Amino acid sequence: MKVDGKPFRTIWPADDGWAVEIIDQTKLPFAFVTVRMESLGDAAHAIRDMEVRGAPLIGATAAYGMALAMHGDPSDENLKGAGEALIQTRPTAVNLRWAVDDLTALLSPLSPNARAGAAYKRAQEICDEDVEICSAIGDHGKPLIEAAWNKRQQQGADRVSVLTHCNAGWLATVDWGTALAPIYKAHDAGIPVHVWVDETRPRNQGASLTAWELGQHGVPATVIVDNAGGHLMQQGEVDLCITGTDRTTRAGDVCNKIGTYLKALAADDNNIPFYVALPGPTIDWTLEAGSDIPIEERGSEEVVRITGTTSKGNIETVTITPEGTAVANPAFDVTPARLVTGLITERGVAEASKEGLARLYPEKTS
Ligand code: MRU
(Lines give C-alpha, C1' and ligand atoms only; values in the text may rest on other atoms or scores of the structure.)
Protein backbone atom coordinates (compact mmCIF):
# COMPACT_ATOMS: atom_id res chain seq x y z
CA MET A 1 0.00 0.00 0.00
CA LYS A 2 1.09 3.61 -0.26
CA VAL A 3 2.63 5.92 2.32
CA ASP A 4 2.41 9.54 1.22
CA GLY A 5 1.82 8.21 -2.29
CA LYS A 6 4.88 5.89 -2.33
CA PRO A 7 4.32 2.08 -2.43
CA PHE A 8 5.61 0.18 0.59
CA ARG A 9 5.54 -3.32 1.98
CA THR A 10 6.07 -3.83 5.70
CA ILE A 11 9.27 -5.86 5.19
CA TRP A 12 11.74 -5.97 2.29
CA PRO A 13 15.35 -6.93 1.49
CA ALA A 14 17.82 -4.03 1.77
CA ASP A 15 19.69 -2.81 -1.33
CA ASP A 16 22.84 -4.69 -0.26
CA GLY A 17 20.90 -7.96 -0.71
CA TRP A 18 21.44 -9.44 2.77
CA ALA A 19 20.09 -7.10 5.43
CA VAL A 20 16.32 -6.71 5.80
CA GLU A 21 14.30 -3.55 6.39
CA ILE A 22 11.03 -3.05 8.24
CA ILE A 23 8.74 -0.19 9.24
CA ASP A 24 9.11 0.47 12.98
CA GLN A 25 5.46 0.31 14.00
CA THR A 26 6.15 1.44 17.56
CA LYS A 27 6.78 4.93 16.13
CA LEU A 28 3.49 5.18 14.21
CA PRO A 29 1.43 7.30 13.84
CA PHE A 30 3.85 9.95 15.10
CA ALA A 31 6.76 9.18 12.75
CA PHE A 32 7.39 6.94 9.75
CA VAL A 33 10.72 5.28 10.55
CA THR A 34 12.34 2.28 8.86
CA VAL A 35 14.76 -0.04 10.66
CA ARG A 36 17.57 -2.17 9.23
CA MET A 37 17.85 -5.72 10.62
CA GLU A 38 21.27 -7.38 10.29
CA SER A 39 21.07 -10.41 12.57
CA LEU A 40 18.84 -13.03 14.13
CA GLY A 41 18.93 -10.91 17.30
CA ASP A 42 17.58 -7.89 15.40
CA ALA A 43 14.69 -9.96 14.02
CA ALA A 44 13.86 -11.47 17.43
CA HIS A 45 13.97 -7.99 19.00
CA ALA A 46 11.69 -6.57 16.26
CA ILE A 47 9.07 -9.25 16.96
CA ARG A 48 9.35 -9.21 20.78
CA ASP A 49 9.25 -5.41 21.07
CA MET A 50 6.52 -5.18 18.42
CA GLU A 51 8.37 -3.08 15.88
CA VAL A 52 6.60 -5.60 13.67
CA ARG A 53 3.40 -7.27 14.79
CA GLY A 54 0.32 -8.96 13.37
CA ALA A 55 0.33 -12.71 12.80
CA PRO A 56 1.32 -12.83 9.09
CA LEU A 57 4.05 -10.19 9.45
CA ILE A 58 5.45 -11.96 12.51
CA GLY A 59 5.70 -15.10 10.32
CA ALA A 60 7.42 -13.22 7.48
CA THR A 61 9.88 -11.59 9.90
CA ALA A 62 10.68 -14.96 11.45
CA ALA A 63 11.43 -16.34 7.97
CA TYR A 64 13.87 -13.49 7.34
CA GLY A 65 15.24 -13.98 10.87
CA MET A 66 16.18 -17.53 9.87
CA ALA A 67 17.85 -16.17 6.71
CA LEU A 68 19.83 -13.59 8.72
CA ALA A 69 20.90 -16.34 11.14
CA MET A 70 22.13 -18.50 8.23
CA HIS A 71 23.98 -15.51 6.75
CA GLY A 72 25.87 -15.19 10.06
CA ASP A 73 26.48 -18.89 10.80
CA PRO A 74 24.87 -21.68 8.73
CA SER A 75 25.85 -24.51 11.11
CA ASP A 76 23.37 -27.18 12.30
CA GLU A 77 23.64 -25.82 15.82
CA ASN A 78 22.76 -22.27 14.76
CA LEU A 79 19.88 -23.46 12.58
CA LYS A 80 18.32 -25.19 15.59
CA GLY A 81 19.12 -22.31 17.95
CA ALA A 82 17.69 -19.68 15.59
CA GLY A 83 14.36 -21.48 15.36
CA GLU A 84 14.19 -21.86 19.14
CA ALA A 85 15.05 -18.20 19.73
CA LEU A 86 12.39 -16.97 17.31
CA ILE A 87 9.64 -19.28 18.63
CA GLN A 88 10.14 -17.82 22.10
CA THR A 89 9.50 -14.21 21.04
CA ARG A 90 5.68 -14.28 21.00
CA PRO A 91 3.53 -17.31 21.82
CA THR A 92 0.08 -16.74 20.30
CA ALA A 93 0.39 -16.10 16.54
CA VAL A 94 0.84 -19.54 14.97
CA ASN A 95 2.37 -18.07 11.78
CA LEU A 96 5.63 -17.70 13.72
CA ARG A 97 5.93 -21.44 14.35
CA TRP A 98 4.65 -22.15 10.83
CA ALA A 99 7.43 -20.05 9.25
CA VAL A 100 10.16 -21.45 11.52
CA ASP A 101 9.06 -25.05 10.82
CA ASP A 102 8.89 -24.35 7.09
CA LEU A 103 12.42 -22.90 6.96
CA THR A 104 13.84 -25.58 9.27
CA ALA A 105 12.42 -28.38 7.10
CA LEU A 106 13.83 -26.72 3.97
CA LEU A 107 17.29 -25.94 5.35
CA SER A 108 18.08 -29.00 7.52
CA PRO A 109 18.87 -31.39 4.63
CA LEU A 110 21.02 -28.78 2.82
CA SER A 111 24.76 -28.42 3.24
CA PRO A 112 25.64 -25.39 5.41
CA ASN A 113 27.00 -23.35 2.51
CA ALA A 114 23.70 -23.68 0.59
CA ARG A 115 21.51 -22.62 3.51
CA ALA A 116 21.66 -18.81 3.44
CA GLY A 117 20.75 -18.53 -0.25
CA ALA A 118 17.86 -20.99 0.13
CA ALA A 119 16.60 -19.21 3.26
CA TYR A 120 16.50 -15.75 1.64
CA LYS A 121 14.73 -17.21 -1.40
CA ARG A 122 12.10 -18.93 0.76
CA ALA A 123 11.60 -15.84 2.97
CA GLN A 124 10.94 -13.78 -0.14
CA GLU A 125 8.50 -16.43 -1.41
CA ILE A 126 6.65 -16.39 1.93
CA CYS A 127 6.31 -12.60 1.64
CA ASP A 128 5.09 -12.78 -1.97
CA GLU A 129 2.65 -15.57 -1.08
CA ASP A 130 1.32 -13.50 1.82
CA VAL A 131 0.61 -10.58 -0.52
CA GLU A 132 -1.26 -12.88 -2.94
CA ILE A 133 -3.18 -14.53 -0.11
CA CYS A 134 -4.24 -11.21 1.43
CA SER A 135 -5.29 -9.85 -1.94
CA ALA A 136 -7.45 -12.97 -2.45
CA ILE A 137 -8.95 -12.51 1.05
CA GLY A 138 -9.89 -9.01 -0.10
CA ASP A 139 -11.53 -10.38 -3.25
CA HIS A 140 -13.54 -12.95 -1.27
CA GLY A 141 -14.55 -10.47 1.44
CA LYS A 142 -15.52 -7.58 -0.81
CA PRO A 143 -18.89 -9.12 -1.89
CA LEU A 144 -19.92 -9.27 1.79
CA ILE A 145 -19.47 -5.51 2.10
CA GLU A 146 -21.13 -4.99 -1.27
CA ALA A 147 -24.18 -7.02 -0.19
CA ALA A 148 -24.45 -5.04 3.05
CA TRP A 149 -24.16 -1.81 1.04
CA ASN A 150 -26.92 -2.89 -1.38
CA LYS A 151 -29.20 -3.53 1.59
CA ARG A 152 -28.29 -0.22 3.23
CA GLN A 153 -28.77 1.71 0.02
CA GLN A 154 -32.36 0.47 -0.22
CA GLN A 155 -32.94 1.98 3.24
CA GLY A 156 -31.69 5.35 1.99
CA ALA A 157 -28.30 5.25 3.73
CA ASP A 158 -25.26 6.95 2.22
CA ARG A 159 -22.62 4.56 3.58
CA VAL A 160 -22.03 1.03 4.83
CA SER A 161 -20.14 0.66 8.13
CA VAL A 162 -17.73 -2.08 9.13
CA LEU A 163 -16.43 -2.38 12.70
CA THR A 164 -12.92 -3.72 13.17
CA HIS A 165 -10.73 -4.41 16.19
CA CYS A 166 -6.95 -4.02 16.59
CA ASN A 167 -4.94 -3.72 13.38
CA ALA A 168 -5.44 -6.44 10.81
CA GLY A 169 -4.52 -4.17 7.91
CA TRP A 170 -1.48 -4.11 5.65
CA LEU A 171 0.74 -3.19 8.62
CA ALA A 172 -0.11 -6.57 10.18
CA THR A 173 0.79 -8.49 7.01
CA VAL A 174 3.27 -7.94 4.18
CA ASP A 175 0.69 -5.97 2.19
CA TRP A 176 -3.12 -5.56 1.87
CA GLY A 177 -3.98 -6.92 5.34
CA THR A 178 -6.57 -9.53 6.27
CA ALA A 179 -9.63 -7.82 7.83
CA LEU A 180 -8.90 -4.57 6.00
CA ALA A 181 -8.27 -6.14 2.57
CA PRO A 182 -12.02 -6.47 1.77
CA ILE A 183 -12.44 -2.87 2.94
CA TYR A 184 -9.67 -1.60 0.63
CA LYS A 185 -11.09 -3.59 -2.29
CA ALA A 186 -14.62 -2.29 -1.60
CA HIS A 187 -13.39 1.30 -1.29
CA ASP A 188 -11.36 1.00 -4.51
CA ALA A 189 -14.50 -0.34 -6.28
CA GLY A 190 -16.41 2.80 -5.32
CA ILE A 191 -18.48 1.35 -2.46
CA PRO A 192 -18.91 4.07 0.22
CA VAL A 193 -17.46 2.02 3.06
CA HIS A 194 -16.85 3.61 6.45
CA VAL A 195 -14.92 1.92 9.27
CA TRP A 196 -15.53 2.04 13.02
CA VAL A 197 -12.04 1.57 14.45
CA ASP A 198 -11.85 0.20 18.01
CA GLU A 199 -8.95 2.01 19.69
CA THR A 200 -7.76 -1.38 21.08
CA ARG A 201 -6.23 -0.79 24.47
CA PRO A 202 -3.69 -1.27 25.84
CA ARG A 203 -1.37 -0.67 22.85
CA ASN A 204 -3.94 1.19 20.76
CA GLN A 205 -3.20 -0.60 17.49
CA GLY A 206 -6.60 0.58 16.22
CA ALA A 207 -6.18 4.25 17.12
CA SER A 208 -2.56 4.44 16.00
CA LEU A 209 -2.14 1.92 13.17
CA THR A 210 -5.56 1.15 11.66
CA ALA A 211 -6.62 4.81 11.68
CA TRP A 212 -3.26 5.76 10.14
CA GLU A 213 -3.29 3.25 7.30
CA LEU A 214 -6.97 3.80 6.43
CA GLY A 215 -6.25 7.54 6.39
CA GLN A 216 -3.27 7.02 4.05
CA HIS A 217 -5.57 5.17 1.64
CA GLY A 218 -8.43 7.69 1.96
CA VAL A 219 -10.94 5.28 3.55
CA PRO A 220 -13.36 7.18 5.85
CA ALA A 221 -12.85 5.95 9.43
CA THR A 222 -13.96 6.89 12.93
CA VAL A 223 -12.00 5.84 16.02
CA ILE A 224 -14.14 4.75 18.96
CA VAL A 225 -13.25 3.69 22.49
CA ASP A 226 -13.28 -0.05 22.99
CA ASN A 227 -16.57 0.00 24.88
CA ALA A 228 -18.55 1.92 22.22
CA GLY A 229 -19.09 -0.92 19.74
CA GLY A 230 -22.04 -2.57 21.51
CA HIS A 231 -23.91 0.74 21.75
CA LEU A 232 -23.32 1.52 18.05
CA MET A 233 -24.60 -1.94 17.14
CA GLN A 234 -27.79 -1.35 19.15
CA GLN A 235 -28.22 1.96 17.32
CA GLY A 236 -28.04 0.24 13.91
CA GLU A 237 -24.74 1.96 13.08
CA VAL A 238 -22.76 -1.22 12.34
CA ASP A 239 -23.54 -3.32 9.26
CA LEU A 240 -20.91 -5.99 9.79
CA CYS A 241 -17.79 -6.69 11.82
CA ILE A 242 -14.54 -7.98 10.33
CA THR A 243 -11.51 -8.78 12.49
CA GLY A 244 -8.27 -10.69 12.01
CA THR A 245 -7.01 -13.65 14.00
CA ASP A 246 -3.66 -14.79 15.36
CA ARG A 247 -4.59 -18.45 15.50
CA THR A 248 -7.67 -20.34 14.37
CA THR A 249 -8.32 -23.91 15.44
CA ARG A 250 -9.40 -26.59 12.98
CA ALA A 251 -12.90 -26.29 14.50
CA GLY A 252 -13.08 -22.55 13.74
CA ASP A 253 -12.46 -20.99 17.18
CA VAL A 254 -10.50 -17.77 16.66
CA CYS A 255 -7.94 -16.15 18.90
CA ASN A 256 -7.44 -12.44 18.32
CA LYS A 257 -6.55 -9.25 20.17
CA ILE A 258 -8.10 -8.93 23.62
CA GLY A 259 -11.64 -7.54 23.35
CA THR A 260 -12.56 -9.32 20.11
CA TYR A 261 -14.76 -11.79 22.04
CA LEU A 262 -16.86 -9.01 23.56
CA LYS A 263 -17.48 -7.54 20.10
CA ALA A 264 -18.56 -10.94 18.82
CA LEU A 265 -21.00 -11.30 21.75
CA ALA A 266 -22.46 -7.87 21.07
CA ALA A 267 -22.73 -8.62 17.34
CA ASP A 268 -24.53 -11.90 18.10
CA ASP A 269 -26.99 -10.12 20.40
CA ASN A 270 -27.74 -7.59 17.66
CA ASN A 271 -27.91 -10.03 14.71
CA ILE A 272 -24.93 -8.37 13.06
CA PRO A 273 -22.65 -10.62 10.96
CA PHE A 274 -19.26 -11.18 12.58
CA TYR A 275 -16.59 -12.27 10.07
CA VAL A 276 -12.98 -13.17 10.72
CA ALA A 277 -10.42 -12.86 7.91
CA LEU A 278 -7.39 -15.13 7.85
CA PRO A 279 -4.70 -16.63 5.66
CA GLY A 280 -4.29 -20.43 5.61
CA PRO A 281 -1.04 -20.33 7.68
CA THR A 282 -3.03 -18.87 10.61
CA ILE A 283 -4.97 -22.12 11.00
CA ASP A 284 -3.51 -24.42 13.65
CA TRP A 285 -4.55 -27.85 12.41
CA THR A 286 -3.12 -29.46 15.56
CA LEU A 287 -5.70 -27.80 17.81
CA GLU A 288 -9.44 -28.28 18.07
CA ALA A 289 -10.37 -26.22 21.13
CA GLY A 290 -9.64 -22.49 21.34
CA SER A 291 -9.01 -22.93 25.07
CA ASP A 292 -5.76 -24.77 24.17
CA ILE A 293 -4.27 -21.69 22.46
CA PRO A 294 -1.49 -20.08 24.55
CA ILE A 295 -2.47 -16.52 25.47
CA GLU A 296 0.39 -14.04 25.64
CA GLU A 297 0.57 -12.11 28.91
CA ARG A 298 2.34 -8.82 28.30
CA GLY A 299 4.02 -6.33 30.61
CA SER A 300 2.13 -4.07 33.01
CA GLU A 301 3.67 -0.88 31.55
CA GLU A 302 1.39 -1.25 28.49
CA VAL A 303 -1.62 -0.79 30.78
CA VAL A 304 -0.34 1.81 33.24
CA ARG A 305 1.44 4.05 30.74
CA ILE A 306 0.24 5.67 27.53
CA THR A 307 2.12 7.50 24.78
CA GLY A 308 0.96 10.43 22.66
CA THR A 309 1.96 13.83 21.32
CA THR A 310 1.70 17.00 23.35
CA SER A 311 0.27 20.24 21.96
CA LYS A 312 3.89 21.21 21.21
CA GLY A 313 4.33 18.09 19.07
CA ASN A 314 6.62 16.27 21.52
CA ILE A 315 6.09 12.53 21.96
CA GLU A 316 5.62 11.77 25.65
CA THR A 317 4.62 8.80 27.77
CA VAL A 318 2.58 9.35 30.91
CA THR A 319 1.35 7.16 33.76
CA ILE A 320 -2.43 6.84 34.20
CA THR A 321 -2.82 4.65 37.30
CA PRO A 322 -1.97 5.09 41.00
CA GLU A 323 1.58 4.01 41.83
CA GLY A 324 1.81 0.33 42.72
CA THR A 325 -1.53 -0.63 41.11
CA ALA A 326 -1.80 -4.35 40.36
CA VAL A 327 -2.18 -5.01 36.65
CA ALA A 328 -3.11 -7.95 34.42
CA ASN A 329 -2.47 -7.74 30.69
CA PRO A 330 -3.70 -10.75 28.67
CA ALA A 331 -3.10 -9.74 25.05
CA PHE A 332 -5.54 -12.06 23.26
CA ASP A 333 -8.88 -13.78 23.78
CA VAL A 334 -10.75 -16.61 22.09
CA THR A 335 -14.02 -16.18 20.24
CA PRO A 336 -15.83 -19.51 19.93
CA ALA A 337 -16.80 -20.62 16.42
CA ARG A 338 -20.52 -20.39 17.24
CA LEU A 339 -20.19 -16.57 17.37
CA VAL A 340 -18.39 -16.35 14.02
CA THR A 341 -20.59 -15.90 10.93
CA GLY A 342 -17.85 -16.93 8.52
CA LEU A 343 -14.11 -17.21 7.98
CA ILE A 344 -12.86 -15.18 5.01
CA THR A 345 -9.85 -17.02 3.60
CA GLU A 346 -7.81 -16.90 0.39
CA ARG A 347 -9.87 -19.87 -0.84
CA GLY A 348 -13.30 -18.39 -0.13
CA VAL A 349 -15.61 -17.89 2.85
CA ALA A 350 -15.88 -20.93 5.12
CA GLU A 351 -18.37 -21.75 7.82
CA ALA A 352 -16.52 -21.51 11.15
CA SER A 353 -16.55 -25.23 11.84
CA LYS A 354 -14.46 -28.36 11.35
CA GLU A 355 -16.52 -29.25 8.27
CA GLY A 356 -16.37 -25.72 6.83
CA LEU A 357 -12.58 -25.52 7.09
CA ALA A 358 -12.12 -29.11 5.88
CA ARG A 359 -14.11 -28.29 2.74
CA LEU A 360 -11.72 -25.43 1.89
CA TYR A 361 -8.50 -27.18 2.95
CA PRO A 362 -9.12 -30.89 2.18
CA GLU A 363 -5.38 -31.63 1.98
CA LYS A 364 -4.98 -30.73 5.67
CA THR A 365 -7.61 -33.12 6.94
CA SER A 366 -7.28 -36.18 4.70
O1 MRU B 1 -0.44 -7.87 19.34
P2 MRU B 1 -0.55 -7.69 17.86
O3 MRU B 1 -0.58 -6.25 17.44
O4 MRU B 1 0.46 -8.50 17.11
O5 MRU B 1 -1.99 -8.29 17.51
C6 MRU B 1 -2.42 -8.33 16.19
C7 MRU B 1 -3.79 -8.83 16.06
O8 MRU B 1 -4.44 -9.21 17.02
C9 MRU B 1 -4.33 -8.95 14.67
O10 MRU B 1 -5.73 -8.75 14.66
C11 MRU B 1 -4.03 -10.35 14.16
O12 MRU B 1 -2.65 -10.59 14.19
C13 MRU B 1 -4.49 -10.55 12.78
S14 MRU B 1 -3.44 -9.68 11.71
C15 MRU B 1 -3.68 -9.85 10.15
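Taking all protein chains as present, what is the carbon and sulfur share of the accessible area of the range 2-128, in % to the nearest whole number, probe 1.4 Å?
About 53 percent, which is the carbon plus sulfur part of the accessible surface.
Which peptide among 125-131, 275-281 comes first, and what is the full order, when sorted by highest mean count of other Cβ atoms within 10 Å?
Going from most to least packed, we get 275-281, 125-131.
Residue separation times 0.36 nm, minus the C-alpha to C-alpha distance between residue 76 and residue 291: what's the value?
Here the answer is 73.9 nm.
Running a GNM on the chain with Cα contacts under 10 Å, which residue among 117, 190, 230 ends up with the highest mean-square fluctuation?
So, out of 117, 190, 230, the one fluctuating most is 190.
Run through all the Cα pairs of the range 86-150 and give the fraction in each 5 Å bin from 0, expressed as whole percent.
3, 14, 16, 17, 16, 11, 8, 6, 4, 2, 1, 0
Can you quote the Å³ per residue value for the convex hull of the Cα atoms in the range 2-128, rounded to an integer?
92 Å³
So for each of 153-160, 287-294, 342-349 I average, over its residues, the number of other beta carbons within 10 Å; can you give me the resulting order with the highest mean first?
The peptides rank, most packed first, as 342-349, 287-294, 153-160.
Relative contact order, percent, of the chain when contacts are C-alpha pairs under 8 Å separated by at least 6 residues?
Averaging sequence separation for qualifying contacts and normalising by length gives 15 percent for the chain.
Which whole-angstrom value gives the distance between the alpha carbon centres of the range 280-304 and the range 319-366?
9 Å
Regarding the range 203-336, what whole-number volume in Å³ per residue does the convex hull of its Cα atoms give?
157 Å³
Among DSSP beta bridges whose residues both lie in the chain, state the antiparallel percentage, nearest 5.
The antiparallel fraction comes to roughly 55 percent.
Only Cα pairs within less than 10 Å get springs; with that Gaussian network setup on the chain, which residue of 49, 284, 246 has the largest fluctuation?
Of 49, 284, 246, the Gaussian network model singles out 49 as fluctuating most.
Could you tell me whether the range 128-225 comes out rounded, prolate or oblate from its Cα gyration tensor? Rule is a ≥ b ≥ c as square roots of the eigenvalues, rounded for a/c under 1.5, then prolate if a/b exceeds b/c, otherwise oblate.
Working: a/c = 2.19, a/b = 1.18, b/c = 1.86.
Note, shape of the range 128-225 comes out oblate.
Roughly what angle does helix 260-269 make with the longest principal axis of the chain, taking Cα atoms, 0 to 90 degrees, to the nearest 10?
30 degrees
In nanometres, what is the gap between the two model label sites at residue 152 and residue 88, each 7 Å from Cα along Cα-to-Cβ?
4.7 nm
From the C-alpha gyration tensor of the range 140-365, pull out the three semi-axes of the equivalent ellipsoid (sqrt of 5λ each), sorted largest to smallest, in whole Å.
Equivalent ellipsoid of the range 140-365: 28, 24, 16 Å, largest first.
Considering the zone a paramagnetic label at residue 325 would reach in this model (a point 7 Å from Cα along the Cα-to-Cβ line), which residues of the range 200-236 have amide N under 13 Å from it?
Counting only backbone N, you get 202.
Ignoring ligands, DNA and RNA, what percent of the accessible area of the range 201-254 is carbon or sulfur (1.4 Å)?
Values: 790 of 1830 Å².
After summing per-atom areas, the C and S share lands at 43 percent.
Please give the helix 55-72 orientation as an angle from the longest Cα principal axis of the chain, in degrees from 0 to 90, rounded to the nearest 10.
With both axes taken from Cα atoms, the answer is about 10 degrees.
Say the dipole of the chain comes from +1 at the beta carbon of Lys and Arg and -1 at that of Asp and Glu; which of 70, 110, 170 then lies farthest toward its positive end?
The residue sitting most towards the positive pole is 170.
Charges at C-beta only: +1 for Lys and Arg, -1 for Asp and Glu. How large is the resulting dipole of the chain about its Cα centre, in Debye rounded to 20?
About 540 debye.
Per residue, how large is the accessible surface of the range 140-365? Use a 1.4 angstrom probe and give square angstrom.
Heavy-atom accessible area per residue stands at 41 Å².
Over all alpha-carbon pairs in the range 144-190, figure out the percentage whose distance exceeds 15 Å.
Roughly 48 percent, once rounded to a whole number.
Which FRET efficiency value, to the nearest 0.05, is calculated for residue 310 and residue 14 with the Förster distance at 22 angstrom and r the Cβ-Cβ distance?
Values: r = 34 Å, r/R0 = 1.55.
It comes to 0.05.
Provide the net charge surrounding residue 129, with neighbours chosen by a C-beta distance below 14 Å and charges set as Lys +1, Arg +1, Asp -1, Glu -1.
-3
Identify which of 98, 170, 285 has the largest mean-square fluctuation in a Gaussian network model of the chain, with springs joining Cα atoms closer than 10 Å.
Greatest mean-square fluctuation among the candidates belongs to 285.
The values are calculated or read from the model by the stated rules, or taken from the named source; none is laboratory data. Because the structure is a prediction, the values reported are computed rather than measured. Neighbour counts run over all protein chains shown; Cβ positions are idealised from the backbone, glycine included. Accessible surface is based on the protein model in full, side chains and every heavy atom, while ligands, DNA and RNA are left aside. Shrake-Rupley method; radii C 1.70, N 1.55, O 1.52, S 1.80 Å.
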